[in-house]
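J.: My questions will all concern the structure given below.
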């Protein structure tokens, strides 16, 4: 069976899920990266019907070109075998594990301005941890491939301390700072996620083969590209947006003037994540990019874990005050109680909202997403807070 | 003859000047530092009459306490001999050399909030250069006494490059960064000014005896305290405001968390001078104050002379556009032509305004001060620009 073929009702839910998974896998290989037009089609007609439409070229003009090269290439079943053989899986928007609230920033970018900025179609994942749970409290630690001993020490100290405090370290598995950040998290028994610009079956760089295996054992290795995909230059730029999106903030430890870390910071800023940079010697080219970003106001200077957490995780207590949502919105009971539990200033973590609302974490996330959509909640760093939208009423 | 005694008209202009100088010298020792109430009295009745009033206790209540301890101590003639013996002089607001336009920032601080922030009564000066000319283009380079090799190199490179480009280096003659900044300026044959917290006849620190001699040979050693005054803790804080006021910007190279350089930056910010800080290793306590100031927005991060000059000396060309001052102000011909020569955006140096206006530099400075007083000119960094104040007229 191939993706996009119909299944009889008798095949039941399991067959239906398998069918959808095959459709996602097929489409992931067709577009090899984000494709806002395809995402829109899937949201409109469902993934199985979208896969059929792609295969049979029954497509709007905007989707003809992006699907032309590989629409006949259906390796979905084989890809699912490969990822299964790696102890991994395909995570799609159909799955409870899909990190929907982490993708909100990307989903709100102006459409069309930069197709690479769109929400990914899927995540191909190596490892056993739940992607959404593991990114509940996560910080990206990235930087120069040609790092110095100073940068390596700083990355190791900061990432190790953050991981020891329960923060998941997200990075790109590159030489230099990225590798140090992953290793520091592993060394303290912490969690770490490597986001790759190639298929998760291809260790990149090859010398990080064993490092990636170790990351998959206790954390996750993820990619939006199907197995076997080789890393191309634009994949790295698109990958950087996922490092930013999966994190509460981006910390750059060392960066040359043309470092890819500055691209990750650009994404962080576009989707509202705090960007931070570690200073260094003005005599070191490996710190020049950090200094430039601080000077230009693109990143905040940080020297310690305390400063990182002050920027990326403002743990303010909820303030007193009116907690009734504006009457113009029709909210569910869960959304209303969530709204009431949100602080008007500062921010609260989703997991902190479970107790006061009595909601499960998944319900909290769904509720926050709904409140965000109607403009009643916002997030800065990882803190969620209450907003008052709708027509102003006297005295408000 | 002592200060405050009357002179007969027959003694003429020279005697009159000498009399005023003695009065300034006497009052400088009485108050030992800035004294806004005394400055106001001098502006009101003249310095000779003010000296007589102090000596004879014919004073408003506010001036009784500040003058009580040393009003009987008249060593003015001896102080003038000492400063003369050092090849120096007393510079007072009566003198063309008085850096009036450099003092504008201090004169505009809220009175009474911090008496130490007031305009100094006088400058005791060692050296032959003109104080106002030497501070025409000046940058303060200050920092930690316990500097590191890295900080010493950075201070040497930056101060040396600035001095070689014609900038006067202003600093406090302390161990560490201050000393390096002075030496770097001297090494390239540049100009440098040491502002002391004690009398200019007292080398402080004592080990910088020869360094201060060398500074006086080609630059200036200045203090608001009379000869013989020993440095006290609050003198250093008051001294720091003069380092900021005599400069177009303050550059901190290294600073611990409790460094006096942060105090100098505070003064720079209060009087509208740009403050800059050089980053360094997060492992170095000597850079912690710099990082804190950058992080808190108190100073801009700079890594190079180019960045220092971009912040402290925005050399913009005057823009085209209407150059008539608002008719509500009664300006002299010189002030009008100066107003016309000022750019509406960006800034121009006083010395750049001589050619377009045909005014002497002293007239330019006086005119800028007058325009500043009526809100028709302002300065940012060292650039002066045109403002439009008074009632708005249609179409403006």
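J.: Determine whether residue A:246 is within 13 Å of chain B (Cβ to nearest Cβ), within 24 Å of the chain's Cα centre (by Cα), at pLDDT 90 or above and within 25 Å of residue A:221 (Cβ to Cβ).
T.: Values: within 13 Å of chain B (Cβ to nearest Cβ): no; within 24 Å of the chain's Cα centre (by Cα): yes; at pLDDT 90 or above: yes; within 25 Å of residue A:221 (Cβ to Cβ): yes.
So residue A:246 does not fit the description; no.
J.: Which of the helices (runs of 4 or more DSSP H) contained wholly in region A:168-274 include at least 3 residues that are without any contact (Cβ under 8 Å) to a residue 24 or more places away in the chain?
T.: Once the helices (runs of 4 or more DSSP H) in region A:168-274 are filtered for at least 3 residues that are without any contact (Cβ under 8 Å) to a residue 24 or more places away in the chain, what remains is A:209-218.
J.: Would you check which residues across region B:80-94 are in contact with a helix residue (DSSP H, G or I) (Cβ under 9 Å, 6 or more places away or on another chain) and either more than 30 Å from residue B:377 (Cα to Cα) or crowded, with 20+ Cβ neighbours inside 10 Å (or both) and list them?
T.: Passing the criteria: B:80, B:83, B:86, B:87, B:88, B:89, B:90, B:91, B:92.
J.: Another question about this same structure. Just to be sure I understand, how many residues within region B:106-124 are surrounded by fewer than 21 Cβ atoms within 10 Å (Cβ to Cβ) and assigned to a helix (DSSP H, G or I)?
T.: Counting residues in region B:106-124 that are surrounded by fewer than 21 Cβ atoms within 10 Å (Cβ to Cβ) and assigned to a helix (DSSP H, G or I) gives 4.
J.: Restricting attention to region B:302-314, which residues are closer than 19 Å to residue B:178 by Cα and within 9 Å of chain A (Cβ to nearest Cβ)?
T.: If the condition is that a residue be closer than 19 Å to residue B:178 by Cα and within 9 Å of chain A (Cβ to nearest Cβ), then B:302, B:303, B:304 are the ones that fit.
J.: While we're on this one: Looking at residue A:42 and the list (1) in a helix (DSSP H, G or I); (2) under 23 Å from residue A:115 (Cα atoms); (3) out of contact with any helix residue (DSSP H, G or I) (no Cβ under 6 Å at 6 or more places or on another chain), which single condition is not satisfied?
T.: So the condition that residue A:42 fails would be (3).
J.: Which numbered condition in (1) at positive phi; (2) modelled with pLDDT of 95 or more is the only one that residue B:33 fails?
T.: (2)
J.: Among the listed residues A:127, A:166, A:149, identify the single one that is surrounded by fewer than 18 Cβ atoms within 10 Å (Cβ to Cβ) and either away from chain B (no Cβ under 14 Å) or touching a helix residue (DSSP H, G or I) at 6+ places or on another chain (Cβ under 8 Å) (or both). Step through it out loud before you land on a result.
T.: Working: A:127 fails: surrounded by fewer than 18 Cβ atoms within 10 Å (Cβ to Cβ); A:149 fails: either away from chain B (no Cβ under 14 Å) or touching a helix residue (DSSP H, G or I) at 6+ places or on another chain (Cβ under 8 Å) (or both).
The match here is A:166.
J.: Restricting to region A:283-296, and then to whatever is more than 10 Å from chain B (Cβ to nearest Cβ) and over 25 Å from the mean Cα position of the chain (by Cα), can you tell me which residue is farthest from residue A:146 (Cα to Cα)?
T.: Restricting to residues being more than 10 Å from chain B (Cβ to nearest Cβ) and over 25 Å from the mean Cα position of the chain (by Cα), the top hit is A:285.
J.: Within the group A:210, A:214, which residue is more than 14 Å from chain B (Cβ to nearest Cβ), in contact with a helix residue (DSSP H, G or I) (Cβ under 8 Å, 6 or more places away or on another chain), under 30 Å from residue B:283 (Cβ atoms) and surrounded by fewer than 24 Cβ atoms within 10 Å (Cβ to Cβ)? Talk me through it step by step, then tell me what you get.
T.: Working: A:210 fails: in contact with a helix residue (DSSP H, G or I) (Cβ under 8 Å, 6 or more places away or on another chain).
That would be A:214, the only listed residue that is more than 14 Å from chain B (Cβ to nearest Cβ), in contact with a helix residue (DSSP H, G or I) (Cβ under 8 Å, 6 or more places away or on another chain), under 30 Å from residue B:283 (Cβ atoms) and surrounded by fewer than 24 Cβ atoms within 10 Å (Cβ to Cβ).
J.: Evaluate the following for residue A:53: is it more than 29 Å from residue A:213 (Cα to Cα), surrounded by 16 or more Cβ atoms within 10 Å (Cβ to Cβ) and modelled with pLDDT of 95 or more?
T.: Against the criterion (more than 29 Å from residue A:213 (Cα to Cα), surrounded by 16 or more Cβ atoms within 10 Å (Cβ to Cβ) and modelled with pLDDT of 95 or more), residue A:53 qualifies.
J.: Only residues that are surrounded by 13 or more Cβ atoms within 10 Å (Cβ to Cβ) and modelled with pLDDT of 80 or more: list them for region A:1-16, please.
T.: Selection gives A:15, A:16.
J.: Since residue A:280 meets every condition but one in (1) within 11 Å of chain B (Cβ to nearest Cβ); (2) over 21 Å from residue A:149 (Cβ atoms); (3) buried (at least 23 other Cβ atoms within 10 Å of the Cβ), which condition does it not meet?
T.: Result: residue A:280 fails condition (2) only.
J.: Same structure again: Take residue A:299 and decide whether it is at pLDDT 80 or above and either buried (at least 17 other Cβ atoms within 10 Å of the Cβ) or within 14 Å of chain B (Cβ to nearest Cβ) (or both).
T.: Considered against the rule, which asks whether it is at pLDDT 80 or above and either buried (at least 17 other Cβ atoms within 10 Å of the Cβ) or within 14 Å of chain B (Cβ to nearest Cβ) (or both), residue A:299 comes out as yes.
The values are calculated or read from the model by the stated rules, or taken from the named source; none is laboratory data. None of the values given here were measured: they were computed from a predicted structure. Cβ sites come from the backbone with ideal geometry, for glycine too, and all protein chains shown count toward neighbours.
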